[in-house]
Structure formats: C-alpha cells, structure tokens
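Just below is one structure, and these are the notes that go with it.
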Amino acid sequence: MAEAKALAWLNDGKAVKAWLKDPERHLRKRLESESLVKIPQLLPPFVAEGLLRRLQRLSADCWDRAGEGAREDVGYEDRVQHRFGIADVEGDALLLGGARVLAQMLPGTLPNFSAACYQGQDHIAPHTDEVPEEYSTEEVSELKRAYAAGSSTVAAARWAAHTPAEERLQEALRSGDLQAVRAASAGTERRPWRRWVAAAYYLNKDWKASFGGRFIDMADGKEQRHLPEFNTLVAFEVPHLHAVEKVKKGQKRYSIFGWWLAVSAKQKRSALVPKATRSMRSKTRRSAPQH
C-alpha cells in the first residue's frame with residue numbers, strides 16, 4: 001500500500017512540479033552560494049517511506065557488490081577504495097520515479113542515479129568524484145527516455161527490454177550487412193561527459209552516529225560529519241573532497257545517489273581503462289566511488 005501510494009504521487013507530474021517550487025528545493029540557486037547543499041524533507045514523508053520499503057524488499061540478486069570480486073577495479077587509474085551494494089533504478093518503476101524527481105531538480109543535464117546499500121563495514125575512502133565519463137549515443141538516448149516526463153512504469157519496462165547497442169553491433173558484424181553495421185555503429189559512438197553535481201538522497205530511519213556511515217565533508221580542509229538522515233538530500237558540485245564512514249555490522253544504510261552530468265570538452269582516456277567497460281550502466285557499478 002505504501003509503495004503504491006508513493007508511486008502514484010511520483011507519477012503525478014503536477015504534484016511533483018508544485019512540490020519542487022519550494023525555494024528550499026531550488027538546487028541550482030542554492031549551489032551558487034553553498035558548497036554543500038542539505039535539503040531535509042526532500043519528498044513527502046509517505047513517498048520516502050515507500051521508497052525505503054522498496055529498497056528493503058529488493059532481492060539479493062538485484063544488488064551488486066562494488067569493490068569486490070568481479071566488481072573489483074584495481075585496473076582503473078581513478079580507483080578509490082570502496083565497498084557497498086549497488087542496484088540499478090531504471091528497471092524498477094518506484095525507484096526510477098524517485099530518481100526522476102532528482103533529475104528534475106537540475107533540468108538540462110543527463111541524470112545518472114543508482115541505489116546503494118551499505119552494511120557490515122562498507123565505506124568509501126576520501127575522493128572528489130572527478131572522474132571522466134564517456135557514453136555512447138544510444139546509452140544517452142536510453143537514459144533520457146527513462147527519465148523523461150510520463151509514467152515511470154512505462155520507462156522501467158522499456159529499460160528492462162533494452163538491448164545494449166554493443167550487442168547489436170556485434171550481431172551486425174556477424175551478419176556481414178554493411179548497412180546494419182553502419183546503423184549499429186552510430187549508436188555506439190562515444191562522447192565525453194563530466195560530473196557537474198553529485199548527490200545522495202538518504203532513506204534511513206532513526207540513524208545514529210554510533211551506526212557509522214556518516215557522510216564526511218572534507219572540502220574546506222576540516223572534517224564535518226553528517227548523519228544520513230531520512231528523506232534528506234545532500235548535493236555538491238564536483239570536485240568536492242568527501243568520504244563515507246564504515247557502517248557498523250548489523251546496520252543497513254540506504255540511499256539513491258549519483259550525478260547530474262554535463263557535456264564535457266574532450267578528455268584524455270586513461271590507458272588503464274578498458275573502453276568496453278565504461279558504459280553508463282557498468283561505469284557506476286565498477287570504477288566510480290559513490291555516496
């Protein structure tokens with residue numbers, strides 16, 4: 001019931017637009033004067049409650065372990081020590097709905113958000129989030145469609161049915177059809193983007209400092225620690241030095257996090273970064289530190 005009520009509100013464009021008109025939620029304007037923007041009560045409480053319940057109900061196979069096993073990224077030049085659970089939001093109507101609200105806070109950018117769960121000593125070492133990004137034309141188009149105004153249920157279904165452009169290119173190459181190869185290649189053309197603003201939207205009830213998992217703001221040379229408070233957004237322009245404390249065993253720290261991306265001037269790619277793994281979806285899972 002809580003999840004259905006939350007989804008209905010998230011799919012109500014007029015309600016979302018009216019809610020975001022509050023000056024406290026004018027992210028672009030606040031970023032002009034604040035190095036770290038903190039917005040409590042980002043969404044109506046019943047919506048935050050629905051999002052939290054959805055995250056708690058995600059099955060184990062929805063979560064990848066960033067920084068471990070197959071997701072260990074020792075080969076990346078931009079590697080930062082980190083460990084946590086990460087899940088896509090695009091395939092889930094409710095989580096995508098929450099991420100779409102974040103996307104609307106900075107229109108004209110490319111949103112790239114995921115869900116995170118920290119538990120049992122999960123953490124992130126100090127980092128700035130300044131990591132080069134490069135995505136294909138098709139990946140950008142898919143993200144724009146998923147985050148477009150309208151039913152997040154439809155967008156989630158489209159994402160789940162999506163076939164990556166790289167796979168279509170391989171199929172075209174195997175077929176030997178030159179026209180098909182040209183068409184598929186157009187979708188895999190890669191262009192640079194930069195992380196303009198980073199954010200973490202916290203969904204943890206009654207969190208205490210003794211649980212760990214605090215956001216450590218280190219940008220001004222001093223450490224300021226912030227609890228990951230329920231229904232609170234923390235945002236800042238990149239680069240911004242920060243970290244996340246280890247989470248105490250027995251606790252689970254949930255959030256929706258990511259970046260608003262802006263078109264970037266051409267950046268030199270590290271020779272250590274395999275091109276095929278820098279896609280929109282794999283990038284957030286493999287090499288980038290999160291919040």
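Bear in mind these aren't lab numbers, they're just calculated from the coordinates by the rules spelled out. These figures come from a predicted structure and were not determined experimentally. Don't worry about glycine lacking a Cβ; one is built from the backbone with ideal geometry, like all the others, and counts go over all protein chains shown.
As a proxy for reagent exposure, Phe230, Phe113, Phe257, Phe46 were ordered by neighbouring Cβ count within 10 angstrom, fewest first; the result is Phe46, Phe230, Phe257, Phe113.
Among the trypsin sites (Lys or Arg not before Pro) in the range 192-223, those located in a DSSP loop and surrounded by at most 16 other Cβ atoms within 10 Å of their own Cβ are Lys205, Lys208, Lys222.
Taking the fewest neighbouring Cβ atoms within 10 Å as the starting point, the ordered list for Met1, Met218 is Met1, Met218.
Length available on full extension from Asp61 to Leu173: 0.36 nm per residue minus the Cα-Cα distance, which gives 37.1 nm. Taking the range 33-53 and a reference point 7 angstrom along Cα→Cβ of Ala4, no backbone N atom is nearer than 13 Å. Were the residues from Arg53 through Met218 laid out at 0.36 nm apart, the gain over their Cα-Cα distance would be 56.2 nm.
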